[in-house]
Amino acid sequence: MSVPMPPVSSFSSGTISGDALLKAGKVEQAIEAYLSAVSEMPSASLCLKLARSYERLGNYAEACRWAVAVVESGDEFLAWQRALSIVQRCAKASSLTTRRTVKVAVLGSYTTTQFTQMLGLAARQLGVGLDLYESHFGQYQQEIIDPNSGLYAFAPEVILLAVHEGELRLPDYSLAPQEHIEAEVARWTTLWRVIAERAKARVVLHNFALPCEAPMGHLGGRLPGSRYMMTQALNARLGEEAGSAVSLVDCERLSALFGKQRWCDPRYWYMAKQAVALDALPLLARHTAAVIGASLGLSRKCLVLDLDNTLWGGVIAEDGLAGIKLGSGVDGEAFVAFQEYILKLKNRGVILAVCSKNNYADAIQPFEKHPEMRLKLGDIALFIANWEPKPHNVRKIAQELGIGLDSLVFVDDNPVEREAVRQFVPEVDVLPLPADPSYYLRSLSQYLMLETSSFTPEDGQRTDQYRARAQCAALEKNSASIEDFYNSLQMQAIVAPFDEFHLPRIAQLIGKTNQFNLTSRRHGMSQLEAFVRDPSYVHLSLRLRDRFADHGLIGVIIARHQGDMLDIDTWLMSCRVIGRTVEMTMLEHLCQRAEQLGCTSLRGTYIATEKNAMAADAYAKCGFDLVSQNEERAVWTYDLHAKGMITNTFIRTVES
């Protein structure tokens, strides 16, 4: 929230006085009273009161903001439903914008109307507006199979298969369980394949939550042929087959988290074929929105960590190495567990940075000397310990790592520091930690904006790569000239056509790269495989290494051969190598391919988005000529005969 936190004593009194003022028709005074009662995590009730009050004043943007805040306050279905009504009324009364609009088709095996509405609200909380298409009850297969269905006429960007366990064609018991499992795997993967052939859409699947009813009792848990065991095996096999082309929402895990007996309400099933209980829909909607957001490249990627009373108990400068709580006792064990979970996130590809108000020499002591410390200095991409305001240092972290502020998640035990970051760096997400460190790990594990749509070997090395970026920045400051800096990096590139081994990483890079992405076209695995098969397409990936690190696969370019021209469909690079002349090397190799194909020119298009403004002049810097331009798009060409081949002497191309 963007309002200062009041003293605890004002919470209840502010709400009560606000109610009285609103009843008296004093709406502006009521809002002031309500705002005085806003805590770090305001209740759904208070959010709704503020939303309705702002709506009465005609401030629809603020009304919508507070209505959407209900998503963060809990998973109460009725509160979400009321919030949705406010958002819908405000949208009719005024044009409310979101950072991005996505066309999502929901194909269900059960009644999905209520879920679809909740999904729209959860997505709006992430800054995403959904243009929704919903299939008729149980018509998901027909919609996919029929090439003339409304699904394909809608042209969705995401297709969500909201299906439930009762839809599986598995017997209660099988003497040949593997055959039944593989037949069901084939049925679902065939549907995925048909979608890939007919739509440029990301598939998101709700996997299958096992029901709480178990006719075989505990015996079913050890019989491979029981439906219980086959469903678990099917979930695992679908996960294997999904690869990086299909995203999964693990409904089996969510149903266990929510409670199996509550996940499906039999009465609602018999009355309305509602396979997921109404009370479970907000939880399902939040997780589904997070998975869709990850597939669109909207996840956060960096944890910014405080130290004292966050990674260990106590204050290192005052308590000393032996006095901090770490490893022994209830709190000490909790801090170790929290660090171990953070380390798992780092190994999955989350970047770690430190932002501490501390003397640097004191701050690094536990990392270097404490035997129970799980995180080491080598796990931290950027370590800042000084006495500057934390909002200032948070901005510095984003700048030095070369990532957007909207990639950061701030983790600090101090509510005042958390509020300062919310106030002065609103793009950064702030994790509200509970007072008891025993629950730190759980709070972080339930934070959904670290979701990712794929995992590749490069992800595990991401902290090393970003630390190398920071080292490069320091080297650049000490270099006599930019040319000396480039040469001192000793950069080497491996440039090659797409291959099967690297396609998952290429798809991941295309899915989440925003800043240096000239067209922001989000090609999925099936489309990339089609490019590889089509001889009219040129496709190149680039790996980069320098004296500090192997940065892995960080650049992609796709172009179509059209007569005597190569038309660039997709050109992108990871933000961590921007400013290294890598773009010149990519175009150098594209020129070589153009010459081999007998092309005399290159054509490139820049399509403006909210995040890629930094790439607007990429073609101009590389010597292209502007052909046409409007607010949204610019077209550039490069005449190979007149200007010659593009070359780059700062990066040496080597064999793999």
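No value in this document is a laboratory result; all are computed from the given coordinates. The structure displayed is predicted, hence computed values, not measured ones. As a convention, Cβ positions derive from the backbone with ideal geometry for all residues, glycine included, and neighbour counts pool all protein chains shown.
Here are a few things to note about the model shown:
- Computed over the chain, relative contact order equals 9 percent, with contacts defined as Cα pairs under 8 Å that lie 6+ residues apart.
- Model label zone, Phe137; criterion: amide N under 12 Å from point 7 Å along Cα-to-beta-carbon; scope segment 261-278: 269-275
- Net lengthening on full extension, Val416/Ala435 (0.36 nm per residue, minus Cα-Cα): 5.5 nm
- Here segment 534-553 is scanned for amide nitrogen atoms under 15 Å from the site 7 Å beyond the Cα of Gln592 along Cα-to-Cβ, giving 539-544.
- Cα gyration tensor category, rounded, prolate or oblate, for segment 154-286 with a/c compared to 1.5: oblate
- Packing-based order for 150-156, 285-291, 100-106, using average beta carbon neighbours within 10 Å, highest first: 285-291, 100-106, 150-156
- Ranked packing of 238-244, 190-196, most packed first, by mean Cβ within 10 Å: 190-196, 238-244
- Label-reachable residues, segment 26-65, where backbone N falls under 17 Å from a point 7 Å from Ala20's Cα toward its Cβ: 26-37
- Three-way shape call for segment 121-169 based on the alpha-carbon gyration tensor, with the a/c threshold at 1.5: oblate
- Whether the chain is rounded, prolate or oblate, judged on the alpha carbon gyration tensor where a/c under 1.5 counts as rounded: rounded
- Given +1 at the Cβ of Lys and Arg, -1 at the Cβ of Asp and Glu and no other charges, the dipole of the chain around its Cα centre is 780 debye to the nearest 20.
- Overall size of segment 42-100 from C-alpha positions, given as principal axis extents largest first: 27, 27, 16 Å.
- For Lys273, a cut-off of 26 angstrom between C-alpha atoms picks up these lysines, skipping any fewer than 8 places away in its own chain: Lys103, Lys260.
- Along its principal axes, segment 349-400 has C-alpha extents of 32, 28, 12 angstrom, given from the largest down.
- Screening the chain for DSSP H helices whose Cα atoms reach 15 Å or more along their own axis and whose mean Kyte hydropathy is at least 0.0 gives 10-23, 44-57, 77-93, 281-295.
- Proximal lysines relative to Lys643, as straight alpha-carbon distance under 30 Å, when same-chain residues fewer than 8 apart are discounted: Lys621
- Sorted largest first, extent of segment 527-601 alpha carbons per principal axis (Å): 42, 26, 16
- Order by protection proxy (mean Cβ within 10 Å, highest first), peptides 197-207, 170-180: 197-207, 170-180
- Take every Cα pair under 8 Å whose residues are at least 6 apart in sequence, average their separation, divide by the length of segment 276-392, and the relative contact order is 25 percent.
- Over segment 553-656, equivalent-ellipsoid semi-axes from the Cα gyration tensor in Å: 20, 19, 12
- Label-point gap, in nm, between Ile482 and Lys344 - each point 7 angstrom along Cα→Cβ: 4.5
- A simple spin-label model places the labels of Ser94 and Lys396 3.9 nm from each other, with each point 7 Å out along Cα-to-Cβ.
- Computed on the Cα trace of segment 245-374, the radius of gyration divided by the Kirkwood hydrodynamic radius gives Rg/Rh = 1.16.
- Value in Å of the Kirkwood radius, where segment 164-226 supplies the Cα pairs that are averaged: 13.7
- Separation of alpha-carbon centers, segment 593-616 and segment 256-282, rounded to whole Å: 50
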